[in-house]
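Data block below; observations after.
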Amino acid sequence: MDSRLFHPEFKARPYWWDAIEMDQDPQEELPARADVVIIGGGLTGLNCAIELGRGGAHAVVLEAETLGFGASTRNGGGVSGGNTIGKGLSGAKGRSAGSADAIINAMVSDAVESLTHVESIVAREGINCFYERTGRFIGAFTPKHYQGMAAKSEQLNALAEADAHMVPRERQREEMASDYYYGGMVINRTGKIHPALYHRGLMEAARRHGATLVGHTRAGKLTRQADGWKIETTRGAIEAREVVIATNGYTGDLTPDLKRRLIPVASHIIATEPLDPALAASLIPKRRTLADSRRVLCYYRMSPDGTRVIFGGRARFTQVTPEVSAPLLHAMMLERWPQLKGTRVTHAWTGNVAFAFDYLPHMGQTEKGLHYALGCNGSGVAILSYLGAEIGKKILGQANRVPAFDGRDFPTLPFYSGNPWFLPAIGSWYRLRDWLDRRLA
């Protein structure tokens, strides 16, 4: 391991985990029965459990690993608010103009509500997770990308209440200490969070509302019964009236029909050592989260205490070791901030996000009656929190309306089984196209 890049106290685990003690929760017993069994102990499952508990239902959350092991505590901590579902809106094509407009408006409205939901649950449950609505700056990788953003900003303001505006290249240093981009777009209606503390706060809230959280317990065979379901697990069987699948980027062979509708994509992140205070304060003057318009995108921010850079991106589209991902991300960071040359990496980690083939989040029920909320498409903190709560309301019969993402066609491709063997080739193709775009800019 290169000592010039890796700090002597380097950890191959999320920086966020330094704020919590993973795997220190008491091991709860698996009850014989529950009203609802939720498979997956991340943001989706916990938000669902909280909503069920508030409505008087007993939820049991099953997690195959340590609670919080997956992307819920591994993400970059950005919280979007309706500005990240644009690619999926093409799903409305082929319908009448009025119908398409209604579908788009409903989806964006739900996505907007997802940010409100996160802010509400953080406030209501008293979750101390450094939540801030500081906005996001998206850098334009080419002049053409800037022009596209300018057109999109009007739509975001009209539909998503984004409070977006364009920043030309000559004013870019108001947003970040770099000339790397060709200007960009600020979206004020977005936030950032400490993901591990948010998840831990949701765990505590779920328990307060009567949920049973059972870690290191893998769900096995699911059997439909007259009055619900029997779920075999590695710690015995449990029966429930309803079952919720909340596994997202870790969806596996337990639900093969759902697995083949998702593409698990690895996202890699590094954290730097603490920086000189003056340098750290200069990098992102308005404390926003940052991202860019590349196909192989990067997303980054300062740590909640403002001392170090948290830098993430698609260094590779599949799981690789820190020895592979960290140098790639570090090089990307230096392209944007050459002034960070010599800064070492203290943490490097990876988590799976889940892309749907139509780039949309999905909520619904399978033909057998399993509930699910899946497909974060790389932006799951808000939307999966929201959809998890909406499933809870649906089960309780307390939903005032049907969410726009509920019950929509959940596409797949012929012969796709859920094994994304093609991702390395797609990653190489995207990197080539990004290189050509920049070269010709």
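Brief remarks on what is shown
- Theoretical gain in end-to-end length, residue 241 to residue 101 [0.36 nm per residue, Cα-Cα removed]: 46.7 nm
- Rounded to the nearest 20 debye, the dipole size of the chain about its Cα centre is 1040 debye, using +1 on the Cβ of Lys and Arg and -1 on the Cβ of Asp and Glu.
- Distance histogram for the range 1-51 (every C-alpha pair counted, 10 angstrom bins, percent rounded to whole numbers): 16, 33, 25, 16, 9, 1
- Rounded to the nearest 10 degrees, the angle from helix 423-440 to the longest Cα principal axis of the chain is 30 degrees.
- Candidate residues 101, 292: accessible-area rank, largest first, probe 1.4 Å: 101, 292
- The alpha carbon gyration tensor of the chain gives principal lengths a ≥ b ≥ c with a/c of 1.5 or higher and a/b greater than b/c, which makes the shape prolate.
- Whichever lysines have a C-alpha closer than 25 Å to that of residue 368, once near sequence neighbours (fewer than 8 apart) are set aside: 221, 230, 259, 393, 394
- Summing Lys and Arg as +1 and Asp and Glu as -1 over all other residues whose Cβ lies under 13 Å from the Cβ of residue 4 gives a net charge of 0.
- For the range 358-406, a simple Cβ point-charge model (Lys and Arg +1, Asp and Glu -1, everything else neutral) yields a dipole of about 180 debye relative to the Cα centre.
- Per-residue SASA entry for residue 169, accessible area with 1.4 Å probe, Å² rounded to 10: 100
- Within the assembled protein chains, the solvent-accessible surface assigned to residue 69 is about 70 Å², based on a 1.4 Å probe.
- Percent of Cα-Cα distances greater than 19 Å, calculated over the range 182-254: 58
- Ranked by how many other beta carbons lie within 10 Å on average, peptides 234-246, 383-395 from highest: 383-395, 234-246
- Relative contact order (%) - criterion: Cα under 8 Å, at least six apart; region: the range 342-441: 24
- Lys/Arg +1, Asp/Glu -1 at C-beta; the range 359-441 dipole; positive extreme among 382, 392, 362: 382
- Counting heavy atoms of the protein chains alone, residue 396 has an accessible area of about 40 Å² for a 1.4 Å probe.
- The loop-placed chymotrypsin sites (Phe, Trp or Tyr not before Pro) in the range 147-210, going by DSSP, include none that has at most 10 neighbouring Cβ atoms within 10 Å of its Cβ.
- Eigenvalues of the alpha-carbon gyration tensor of the range 317-405, scaled by 5 and square-rooted, set the equivalent ellipsoid semi-axes at 39, 14, 11 angstrom, largest first.
- Mean Cα-pair separation over length for the chain, i.e. relative contact order, pairs under 8 Å, 6 or more apart, %: 25
- Estimated from helical segments only, the mean residue ellipticity of the chain at 222 nm is -10000 deg cm²/dmol, where each DSSP H run of four or more residues counts as -39500 (n - 2.57).
- The range 20-56 and the range 138-197: distance between their alpha carbon centers, rounded to Å: 37
The values are calculated or read from the model by the stated rules, or taken from the named source; none is laboratory data. The shown structure was predicted, so the numbers you read here are calculated from the model rather than taken from an experiment. FYI the Cβ positions are ideal-geometry reconstructions off the backbone, even for glycines, and counts take in every protein chain you see. We work out accessible area using only protein heavy atoms, side chains counted, and drop any ligands, DNA or RNA first. Shrake-Rupley method; radii C 1.70, N 1.55, O 1.52, S 1.80 Å.
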